[in-house]
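J.: Quick one: the structure is below, questions incoming.
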Amino acid sequence: MDILLFLSGLIALGGIYAMLAISLNVNGGLLGLWDLGVVGYFAVGAYAYTLLSSHDLGLGLPMIVGVIGSAIITGLFSLLIGYTSLRLQNEYLLITTFAFAEIIRIIAINEEWLTNGNIGIFGLERPFENFLPGTTYMIFFAGLVLAVMGIYYLFAQKLAHSPMGRYMRAIRENEQVTQSIGKKVFATKLKIFVLSSCMVGIAGCFYVWYMSIIAPNMFTSAITFTVWTALVLGGIGNNRGAVVGAFVLILVQEATRFVPVPTEYSVLLAGLRQFVSGMMLILVLRFLPQGLVAEKFKSVEKLFYFQQNSIITEQKGGRRNAAS
Amino acid sequence: MDYVVYGIITGCILIIASIGFSMVWKTENFLNIAHGQLLLIGAYTAYLFKVVLNFPFALAMICSVIATAVLGLLLAKVFYFPVRKSGILVLLFTSIGLSWVIYGVIQAIVGPEIRTFGLETSNMISLVGTQIMSYQELFIIVLSLICVGLLHFILTKTKNGKGFRAMAENRDLAQIRGINSRKLSDYVWLISSGLAGLAGILLAMTGTLNMELGWQQILIIMSVVIVGGMGNIYGTMLAALIIGLSMDLSTIVIPTSYRTAIAFVIVILVLLIRPQGLSKGGTT
């Protein structure tokens, strides 16, 4: 029973990270935005849900209203962030989104009237908890997470294969060219950015249910890096890769928690976990730069280069024939 | 008045911390996230020399700066140089992975408790009857001035420094003109890692040694470099002072816990109003 409980907890956490990785893949992978603010929208979604639905500190609204509300509030927040920062390129976008995420966390720490500060809010309710007793609940919850993750996956897959998906890749590969054929680059970026943030916000609700508490130190930039690492491990631009990467990473990070060790080694083990995740990222980048599951769509530039090269070799061959 | 002194000290440490980051960005064209963890390495090797091996503090500092510089170069050679051809995104993520590796190794060795160097509190310097700052704080300011002066001298007067500036402007052209870019980038990594180590020690001197030092500082360092404008070294110095001063002066008006948020607000504002930073590109 213990193992089953641990395993379902692992699947639930892996599923939540997979949801995050899929959402990030939509704007980071397909659209090519260097967005390091994932944890910011995650925190906004989680806090919005808690404040809407919690009975003690919040408004005590029904759960489903909380979830929808958190998606809307996260969307509005990301509209503000995206509108101000999406005109910036690569590194500048990266730092701006990073800065916004940090500001959100610092606000969550300091505004105690709203978020109860560093202490956080405890004992939050979970969906359908009354119908299912104790241990079976975690198994049900893992199933719920997997189901929602499946919806995320299908949605992202649908999006990737739609005209919108091609359009997004076009922006990623060459923004100027896309603009020159009369496409609205900024508006598309903003749309997708808000969409992806809403998805992250809903994932935030699941994180709150999983932890059953909420506190600012759950939302450090380590989460952003973990999600990006998962995406890079699995393969940027590929939804299947995002899911695979998230589960592999969570398995590596969390599996060691089950090994019973004396407390004096627990710090050593925590350090080792970080070491292994980092090493995995470095090695995958060195030897499999496309990730574990490579993106199926060949990038347009590569196709173009391929053709160019083949023309050049033909010409060379032709000349040699003529000379001989 | 106290706040101004604190602000200048924060600024001085930020200068030392961010110049190296800016130099690496200029020559290698990527954001070296692991730079923050080099601060951590510097601080903890100094702790090793000072507290564990009982060296005098000055000697411990020199040893740890040299150790960090060499280690930084080695890490760059092992982890960054082989993937240089794969583009900046791969380099960026390699540096994130490397940050985790360094963080994990140090955490496994030192554990979670918070330490200090155990320095005696030094006397205050008084001027016209009012106490201005302690000798320790004066030492930090003087040291950073020396670093800045030395760097300025190297960049403008020596052959390698001029070569670095040429390489930062246009790597290929510099190579054509016979500048050995491989040797120069080794020097850049050495200097940048050494400065990062020094900044780590100074930070630990003013506060405590904790594991989160690297992650906290890299965010502020990135803000400083962006505000300073595209790896411009003199812009970076100015931006470090501005951000350091405004972080500490802001505590008069708003709660202290919002101190770091000020740096981020400044970077967002600067990017929105003047996307090229305080001063335009170029290293001079």
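J.: Check A:Tyr92 against each of (1) farther than 24 Å from B:Ser257 by Cα; (2) crowded, with 19+ Cβ neighbours inside 10 Å; (3) at pLDDT 85 or above and name the one condition it does not meet.
T.: Answer for A:Tyr92: the failing condition is (3).
J.: Residue check, A:Ser221 against (1) modelled with pLDDT under 85; (2) farther than 17 Å from A:Tyr41 by Cα, all met but one. Which one?
T.: Status for A:Ser221: all satisfied but (2).
J.: Could you name every one of the helices (runs of 4 or more DSSP H) located completely within segment B:1-90 that has at least 2 residues being at pLDDT below 85? Give the steps one after another, and end with the answer.
T.: Values: elements: B:2-28, B:35-47, B:57-75.
Once the helices (runs of 4 or more DSSP H) in segment B:1-90 are filtered for at least 2 residues that are at pLDDT below 85, what remains is B:2-28.
J.: Would you pick out the residues in segment B:74-112 that are closer than 13 Å to B:His35 by Cβ, among the hydrophobic types (A, V, I, L, M, F, W, C) and more than 7 Å from chain A (Cβ to nearest Cβ)?
T.: B:Leu75, B:Ala76, B:Leu91, B:Leu92, B:Ile102
J.: So, in segment A:1-35, exactly how many residues are part of a helix (DSSP H, G or I), over 12 Å from the mean Cα position of the chain (by Cα) and over 30 Å from A:Gln89 (Cα atoms)?
T.: Of all residues in segment A:1-35, those part of a helix (DSSP H, G or I) come to A:2-30.
If we keep only those that are over 12 Å from the mean Cα position of the chain (by Cα) as well, we get A:2-13, A:30.
Subset that is over 30 Å from A:Gln89 (Cα atoms): A:2-13.
Qualifying residue count, segment A:1-35: 12.
J.: Can you tell me how many residues within segment B:71-87 are among the aliphatic types (A, V, I, L, M) and loosely packed, with under 14 Cβ neighbours inside 10 Å? Walk me through it before giving the result.
T.: So the first thing to find is which residues in segment B:71-87 are among the aliphatic types (A, V, I, L, M), and the list is B:71, B:73-76, B:78, B:83.
Subset that is loosely packed, with under 14 Cβ neighbours inside 10 Å: B:74, B:78.
The total comes to 2.
J.: Name the residues in segment A:78-111 that are away from chain B (no Cβ under 14 Å) and either out of contact with any Ser or Thr (no Cβ under 6 Å at 6 or more places or on another chain) or over 18 Å from B:Leu269 (Cα atoms) (or both), would you?
T.: Filtering segment A:78-111 down to residues away from chain B (no Cβ under 14 Å) leaves A:78-79.
Matches in segment A:78-111: A:Leu79 only.
J.: Within segment B:228-250, can you find the residues that are touching a Lys or Arg at 6+ places or on another chain (Cβ under 9 Å) and either within 13 Å of chain A (Cβ to nearest Cβ) or not in a helix (DSSP H, G or I) (or both)? Explain how you work it out, then say what you get.
T.: Going through segment B:228-250, the residues touching a Lys or Arg at 6+ places or on another chain (Cβ under 9 Å) turn out to be B:229-233, B:235, B:247-248, B:250.
Residues satisfying the conditions are B:Gly229, B:Met230, B:Gly231, B:Asn232, B:Met247, B:Ser250.
The values are calculated or read from the model by the stated rules, or taken from the named source; none is laboratory data. Being a predicted model, the structure only gives us computed values, none of them experimental. Here Cβ is always computed from backbone atoms with ideal geometry, including for glycine, and neighbour counts include all displayed protein chains.
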